[in-house]
1. Please turn the phi angles of the range A:81-94 into ³J(HN,Hα) values with the Karplus equation 6.51 cos²θ - 1.76 cosθ + 1.60 (θ = phi - 60°), one per residue in order, whole Hz, x for glycine and proline.
2. Compute the semi-axes of the equivalent ellipsoid of the range B:226-426, taking the square root of 5 times each eigenvalue of the Cα gyration tensor, and list them largest first in whole Å.
3. Net charge within 9 Å of B:Ala295 by Cβ-Cβ distance, Lys/Arg positive one each and Asp/Glu negative one each, not counting B:Ala295 itself?
4. In whole Å, largest first, what are the principal axis extents of the Cα atoms in the protein assembly as shown?
5. Note down the relative contact order for the range B:226-426 as a percent, whole number, built from C-alpha pairs under 8 angstrom at least six residues apart.
6. From the P(r) of chain B, could you give the percentage of C-alpha pairs in the tail past 37 Å?
7. Suppose a student asked you for the relative contact order of chain A, using Cα pairs under 8 Å spaced at least 6 residues apart; what percent would you report?
8. Please get the size of the charge dipole for chain A, origin at its Cα centre, with Cβ charges of +1 on Lys and Arg and -1 on Asp and Glu, quoted in debye to the nearest 20.
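Just so it is clear, none of the values below were taken in a lab; they were calculated from the coordinates. Small disclaimer: the values here were computed from a predicted structure and weren't measured. Every residue, glycine as well, gets a Cβ built from its backbone with ideal geometry; the counts of neighbours run over all protein chains shown.
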Amino acid sequence: MLWQTRVPDGLRLPELDNARVFEGAALERAETYERFLRLDFIASQLVLIVVLALYAWRGAGFARESAAGRIGTGMLLGMIGLALVWLSQVPFRLAETWWDRRYDQSDAGYVTTLFENWFALGAEFLFISLALVIVMALAGRFPRRWWIAAAPVFIGLATLFAFVTPYLFPTEPANAALQADARRFASAQEIEPPRLSVQDVSDFTDAPNAFAAGFGPTRRVVLWSTLLDGRFSEGEVETVLAHELGHHSGNHILESLAWYALFALPGTWLIALATRRRGGMRHPAAVPVSLLVLVVLQLGSLPLQNAISRHMEEEADWVALETTRDADQARGLFEKFTTLALADPDPPAWSTALLDGHPSILERIEFAEAWRTRSR
Amino acid sequence: MDAPVRLVVTDDLRRSRLTVFFRLLLALPHFFWIVLWTIVVVPAAIICWFAALATGRPPTGLHRFLSAYIRYGAHLAAYLSLAANPYPGFTGEPGYPIDVELPEAAPQPRWKTALRLVLALPALLLAAVVGSGSIGGGGGGRGSGADESWGGFLFSGGGLLVVCAFLGWFATLALGRMPSGLRDLAAYGVGYSAQTSAYLLLVTDRYPSSDPDAAGPRWSLPPHAIGVEVDDDGRRSRLTVFFRLLLALPHFVWLTLWSVAAVLAALVNGIYTLVRGRSAAPLHRFLAAYVRYSAHVTAFATLVGNRFPGFTGAPGYAVDISIGAAERQSRWVTLFRTILVIPAFLVSGGLSAALAVVAFLGWFAALATGRMPEGLRRLGAIAVRYLAQTSAYWLIVTDDYPYASPALRAADEPIEPAAELHGEAAA
């Protein structure tokens, strides 16, 4: 049921050639740009695992820094783990900033890079504290079966988070013309128009982006200001808008939650299993191990997560084409993702599996062409 | 090791209401005088700096001149903040009721002399909050001309002295005496400013110690329902220091939630105390735990304590608050508690600013050395104790008024050895 899609069965995509779609220089620039980011990602994840493995091995010693009892000490160890993760990623973030600046993808300074996300880091500290309170309290009561009770709690929290996400970003209402487009497209997709907002991100990036967030009464589409800075035509922005509305009309937020719910139980079970040698999650000493297991599980499930995400993005692309009925604008938009935002149009398969939550640029262009052929 | 700059307090707390009422106007000649003196001191200090660099010790004549200036500044600050009563002389002669003893000229390491202005910055920052906020320790609390003429370019404020002077003015006019806690706190501020000035002006190469017991009389607390117990070895984990505020976030959230409940409980407790003349035992326990917890979190967040505190306010933390059982409380004091607590809130504001500076400076020091400087830690513990006393008073846990003296213990308790008395030099 979760794999259902509005993309027609048996849709045949034309096989396009990168070299014929993009100019050689633009193609090479995008490929070089993304190659570095991939290496940066791989290196950062290797370092992350090494750091967390070391922490799992020796991190329990930090319990001496706590006077907070079992659960409080567990919280402290969880937060220290996050702190180490943050520290271990600093060089890679700086390298990424250097690369982005070199390719004119960002004006952000290095100090800004280090400190701009401290509020987000604070939120992560709070989240992990809350998660550990839940897990360790349940593990105190049900030492071997806590995971059965914890999974529904985490699903509830994820649902709550998805519901309130639209309120976590400072945004401005979009202009009247875009609002009118949103109403028109929402009507075409047979949904109530969600709120349409613009987030000013010009201080830290030039990359274009948009996203759909919330569900029920909190549904919202947020366009980044970089999408409206004149580099994209009106029709291209409309394509983005229709795409994001496609996520809402396809209930993709709720579908994502359903996927999460599907994996929450086995995930918590694996953590419970892996931490038994440290006495289980009722003991603070198990917290560093649980962090390692959690990160390894997340990394291991990346191909699946990205496959699910690409499936939804494909559907949203298709719905956008059906809504705007303008393959030229869609194609123009996707091409600009490569020429302006330096997205590699045809990344290697391993990169797609690990890193890409969207179909490749070439696939999206092929998709637009397939729609054009089919709609004739 | 004895501190070279020592605060001497012989004040008897008695004040003349008339001179207190007109204190600022009476001090006007001193304002002019200290401006003139400061104009001379600036080039004198520069000459002294070159001479000390060249010869390895400040010239005796200049040293004596700068010492007199520091003493004069301390006298004036004490007079303005009502820490002392007599009209001070204009020459900085020893013998004033709030006085500083300064060392004779002695050899000083050249590297310390060369870097003096930079090294003095942390002490100047702290002096701006706890002291008079001026180079000579004079008059910053009232925004004197001298303050703005030189010291003002580096810092402004004199927060605690201003608060002491402001509250002391009303109290003295009413009672004819300066409250001893306020006087002690003001005197401590004057003493720390004098230490800082002496360090900056090359009178000594000993770094100022913010430990109230290090360079002055032994301050002590009167019997009080709320006390502080410090059992901390000064060691700090650099990792938890670096992320201290983030690590404290769950506690901030919990404390906020608990605060809402505590205010509601205090309301009920206030009504109960008005009727029965003492707190309800369960509410007393609940509010006492809140006061302790809030002190633990404050100590942890500001690096006064090291270990991650528990969430229940249970006793046993390294910087702990002792709270006695519920006792009888005056109904009048309970009825007007919200008004009576306002002066304590003002002092708390000044001490909170000091605590923020303690945390800021301590953060760098602890990252560099793995230890919290002893003086900063003790000053922090004093601030935590006062904040807890204020909180307990406001929440009707006790009717003992918060005591502002920079003391950690009662008079009959043995003084704790200052293992790292001069640890702040490392900061």
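1. x, 4, 4, 5, 4, 4, 4, 5, 8, 4, x, 6, 5, 5
2. That gives 31, 18, 14 Å for the three semi-axes.
3. +1
4. Dimensions of the protein assembly as shown along the principal axes of its Cα atoms: 103, 67, 53 Å.
5. Taking the mean separation of contacting Cα pairs over the length of the range B:226-426, I get 30 percent.
6. 25
7. After rounding, I find 25 percent.
8. Its charge dipole is roughly 2360 debye.
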